[in-house]
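Worksheet for the structure shown next.
What follows is calculated from the coordinates using simple rules that are stated; it is not laboratory data. Not measured: the values here are computed from a predicted model. Because the Cβ atoms are built from the backbone with ideal geometry, glycine has one as well, and the counts that use them run over all protein chains shown.
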Amino acid sequence: MKIDDLGHPGQLVDPETGLVSRRIFTDPEIHRLELTRVFARSWLFVGHDSELPKAGDYLRRVMGDDPVILARGQDGALRVFLNACPHRGALLCRADAGNAMGYVCPYHGWSFDNTGQLTAMADAPEAYKGRVDLATFNLVQARVGVHAGLIFATFDPQAPSLDEYLGDARWYIDMLFARTPGGAQALGAPIRWVAQKNWKYGAVNFAADGPHALKTHGPITRKIAGGMPLEVLRDLAIEGPAVRAGNGHGCIFVDLPPGMPPWVGFHPDMVALYQKTLTPGQLQLKSKLFNKVMTIFPNLSWVHFPITFRPDQPPVNFFNVRVWQPTGPDRTEIWNWFFADREAPDEYKQASLQAGIRTFTAAGTFDQDDAEAWAAIDAGSRGTIGRERMSSFQMILASQDERIADFPGPGEAYRSTYSEMSEFGLLLRWRELMAG
Ligand code: FES
Ligand SMILES: [Fe+2]
């Protein structure tokens with residue numbers, strides 16, 4: 001099927017005008033097609049290596065709409081299996097996480113070791129009388145790739161290597177996940193909740209949407225910056241760069257408010273490690289930037305900035321990582337982790353986690369703001385008339401010629417987070433894949 005066969009007059013994502021059909025956020029047919037064309041062909045984030053340190057550790061995860069098991073085998077290797085018994089397809093692993101030598105299907109009792117090999121079939125082997133190759137009953141495996149501890153997987157044998165897929169985005173990933181010799185560490189299991197919205201609202205917003213920060217999050221944004229007038233913050237956001245890092249990956253950066261010292265929110269011992277580990281360009285950006293937000297196409301995002309809720313305590317950085325799991329055209333399950341540098345002191349990790357939980361979880365200040373806005377978009381875009389309207393990303397028309405020539409990072413950097421350039425870049429990649 002061609003994307004234009006879906007019945008919309010014209011293009012769903014129009015690179016010339018910056019207009020996007022609201023059907024891409026609401027239409028069940030488009031949702032089904034993107035599971036095949038986008039999710040089944042992309043490298044998807046399934047976990048972090050700090051979540052399964054020991055041989056035998058496993059985690060139950062999701063890729064697109066498929067349940068999978070992320071496992072570290074007895075041989076120490078990471079594998080991703082379709083979480084479906086090769087016999088009749090029953091869900092094999094039911095626990096969210098654990099440590100096991102293997103998995104036993106509850107239906108007919110077939111057993112598999114933690115490298116995916118069929119090891120026992122209860123009474124069945126004789127029944128096949130040697131007519132079936134039992135090796136075809138091993139677990140279905142995805143390709144697995146790891147960068148800076150982030151574990152990705154794809155079921156597409158034609159997909160490029162993970163290195164090629166991430167491309168320039170690796171530089172920005174390393175700035176956060178590989179800034180110390182020990183790298184990053186997940187602070188516990190992901191918190192999960194379901195939101196009334198299409199997954200792309202979150203992915204695009206984190207790719208990222210500068211202007212909404214001061215409106216949707218106005219009161220809390222002013223608070224985190226020490227009560228600074230919103231006009232000052234708006235000027236910072238307008239001047240913050242938006243980066244298209246290739247293949248639909250995108251990020252924005254917002255500079256520190258005036259008067260805030262460099263490295264605000266970081267632990268001083270960690271800063272000394274960053275200075276040994278990062279490149280000069282990464283250090284230059286990292287020391288003076290306030291807010292770092294990114295989406296790795298299609299649905300992995302993070303946000304990182306300093307905050308304090310008490311005037312007598314200095315700000316601390318939280319580091320929130322999340323996946324926007326598509327569970328329907330108008331439903332998203334959010335998988336939400338917090339990270340910290342492995343070498344950071346425990347009390348810093350605890351303070352960072354608390355700052356994150358108060359801001360970016362289902363009950364967090366920022367997520368409550370965004371959840372209302374995204375549910376409102378869904379409500380306004382689903383009707384018979386509403387879904388035929390177009391959403392505007394037309395700031396690109398005024399911004400696409402405003403490249404920053406001397407930006408220290410790779411990719412295409414544009415002058416402003418008020419440009420919609422990095423957000424629209426994600427939708428352009430979506431359009432390419434959806435075209436078949
Ligand atoms: S479905 Fe798993 S053993 Fe039959
Ligand atoms: Fe937001």
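Of note:
- Taking a sphere under 11 Å around the Cβ of Y348 and counting the other residues whose Cβ falls inside, with K and R at +1 and D and E at -1, yields a net charge of -4.
- Calculated [222 nm] ellipticity per residue, helices only, for the chain: -8500 deg cm²/dmol; basis is -39500 (n - 2.57) per DSSP H run with n ≥ 4, divided by all residues, nearest 500.
- Share of alpha-carbon pairs per 20 Å distance bin for the chain, given as whole %: 25, 55, 18, 2
- Crossing angle, helix 365-381 versus the chain [Cα axis fit, 0-90 degrees, rounded to tens]: 80 degrees
- Build a GNM of the chain with springs between Cα atoms under 10 Å apart, and of E333, E388, E347 the one that fluctuates most is E347.
- Max mean-square fluctuation residue, GNM over the chain, Cα-Cα springs under 10 Å, options G411, G380, G265: G380
- Residues D123, D27 arranged by fewest to most Cβ contacts within 10 Å: D123, D27
- Residues I385 and E126, FRET efficiency given R0 of 41 Å [Cβ-Cβ distance, rounded to 0.05]: 0.05
- GNM result for the chain, Cα springs below 10 Å: residue of S50, S419, S42 fluctuating most strongly: S50
- Kirkwood Rh (inverse of mean 1/r, distinct Cα pairs), the stretch 191-255, angstrom: 13.3 Å
- Listing S111, S392, S301 from fewest to most neighbouring C-beta atoms within 10 Å gives S392, S111, S301.
- At q = 0.18, 0.25, 0.27 Å⁻¹, base-10 log of I(q)/I(0) for the stretch 148-225 (Debye sum, equal scatterers on each alpha carbon): -1.21, -1.19, -1.17
- Folded to 0 to 90 degrees: helix 28-37 orientation relative to the chain principal axis, Cα: 80 degrees
- Along each principal axis, Cα extent of the stretch 211-323, largest first, Å: 39, 34, 26
- Packing-based exposure ordering (other Cβ within 10 Å, fewest first) of K349, K54: K54, K349
- Annotation: the stretch 44-158 has a Kirkwood hydrodynamic radius of 14.5 angstrom, from the mean reciprocal C-alpha pair distance.
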